[in-house]
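Take a look at the structure set out below.
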Amino acid sequence: MNRKLSQDVNVFTSSGSDSSMGLSAAPRLFAVSGCLLLLCGSSWGKFNATVPLVIWHGMGDSCCNPLSMGAIKKMVEEEVPGIYVLSLMIGKTIVQDTENGFFMDVNEQVSFVCDQLSQDPKLKGGYNAMGFSQGSQFLRAVAQRCPDPPMKNLVSVGGQHQGVFGLPRCPGESSHICDWIRKMLNSGAYTDLVQKHLVQAQYWHDPLNDDLYKKHSLFLADINQERVVNETYKKNLMSLNKFVMVKFLQDTMVDPVDSEWFGFYKPGQAKELETLQESAIYTEDHLGLAEMDSAGKLVFLATDGDHLQFTREWFNDNLLPYLR
């Protein structure tokens, strides 16, 4: 198992705003779902990328926020000549895109994206995918359900592949929405109404109520093969060249943070954790992850930052090779 731990992480803050999206030798600071991503002096130009890139944003963000996904998309296009970058918009407007990250059935979102990708002629030869936070597990569902066009590499940046059992910080414009979400998750995550209309409920994983989770989870229990084993899901995921998972060691948003490496609580309690390799998903190989691990297709990376916080240098050194 190849686990690479980066200790070279520096997060910078700024009291002012920078409306310029151009890159220079001076550092640039962008927000990603309420967190910080440093994009500074570039070495991207030396790479000649030929594989398109599809990006899916996290909760509380949108495809085209000029301080987050929009800036990342523009920067990649400017610094990697000829690359096609598609930052997914779920809906017809940026407002809809942001709201759908909270309230649109995840299965409908995945179907929407699959249709969009299949109709894009620039992707017909295949593409790499990078998900931020919840966008990571959503893109994994795309890989499992929609193999045409083929996804080559999947990079999960702080994704919650075994779900969450807590919502410590909720990014978004309105605190009352976040308070309401927490209340709904704590009181009735597995009711039909909440499951259907609250995105976070669909990857809420309660280890104290495993039967309820497996029976009523509309999204996560399905893509993690916890009800029945869909051999097509397994085959499609195993067709990836690489499945890269980034874990943020100081993450104060994802609970438990081990979910970012496909780990979770041991069944029946919420204190002791187990790694992916100790879980039934791996030992029974429901998804083909054990085979992928043996073949060197799983990559586990870590950084000391909080949720979605890392330096441009770390990104270039650790993630850029999987986007070429």
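Brief remarks on what is shown
- Checked against the criterion of being open to solvent by less than 50 Å² (accessible area, probe 1.4 Å) and in contact with a helix residue (DSSP H, G or I) (Cβ under 7 Å, 6 or more places away or on another chain), the candidates Ala290, Ala280, Ala270 yield just one match: Ala290.
- Among the numbered conditions (1) under 24 Å from Asp61 (Cβ atoms); (2) open to solvent by less than 10 Å² (accessible area, probe 1.4 Å); (3) in a strand (DSSP E or B); (4) touching a Phe, Trp or Tyr at 6+ places or on another chain (Cβ under 7 Å), the only one that Gly305 does not meet is (3).
- Condition check for Lys183 on (1) open to solvent by less than 70 Å² (accessible area, probe 1.4 Å); (2) charged (D, E, K, R); (3) within 24 Å of Glu99 (Cα to Cα): one failure, at (1).
- Of all residues in segment 47-79 being open to solvent by 10 Å² or more (accessible area, probe 1.4 Å), touching a helix residue (DSSP H, G or I) at 6+ places or on another chain (Cβ under 8 Å) and without any contact (Cβ under 8 Å) to a residue 60 or more places away in the chain, the one that is farthest from Gln109 (Cα to Cα): Glu79
- First in segment 238-260 and in contact (Cβ under 8 Å) with a residue 40 or more places away in the chain and closer than 16 Å to Ser294 by Cβ, second anywhere and acidic (Asp, Glu) and open to solvent by 10 Å² or more (accessible area, probe 1.4 Å), Cβ under 8 Å, 6 or more apart: Met238/Glu291
- Some residue of segment 110-121 being among the hydroxyl-bearing types (Ser, Thr, Tyr) and either open to solvent by less than 50 Å² (accessible area, probe 1.4 Å) or not in a helix (DSSP H, G or I) (or both): no
Conditions tested, residue by residue: (1) under 21 Å from Val155 (Cα atoms); (2) open to solvent by 10 Å² or more (accessible area, probe 1.4 Å); (3) more than 17 Å from the chain's Cα centre (by Cα); (4) aliphatic (A, V, I, L, M).
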position	(1), (2), (3), (4)
Asn230	no, yes, yes, no
Asn236	yes, yes, yes, no
Ser259	yes, no, no, no
Lys266	no, yes, yes, no
Thr275	yes, yes, yes, no
Ser294	yes, yes, yes, no
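- Screening the candidates Gln309, Gln269 for the property of being touching a strand residue (DSSP E or B) at 6+ places or on another chain (Cβ under 6 Å) and closer than 23 Å to Pro168 by Cα yields one hit, Gln309.
The values are calculated or read from the model by the stated rules, or taken from the named source; none is laboratory data. Just so it is clear, the structure is predicted and the values come from calculations on it, not from any experiment. Positions of Cβ are generated from backbone atoms using ideal geometry, with glycine treated the same way; all protein chains shown enter the neighbour counts. Surface areas here come from the heavy atoms of the whole protein model, side chains and all, with no ligands, DNA or RNA. Shrake-Rupley method; radii C 1.70, N 1.55, O 1.52, S 1.80 Å.
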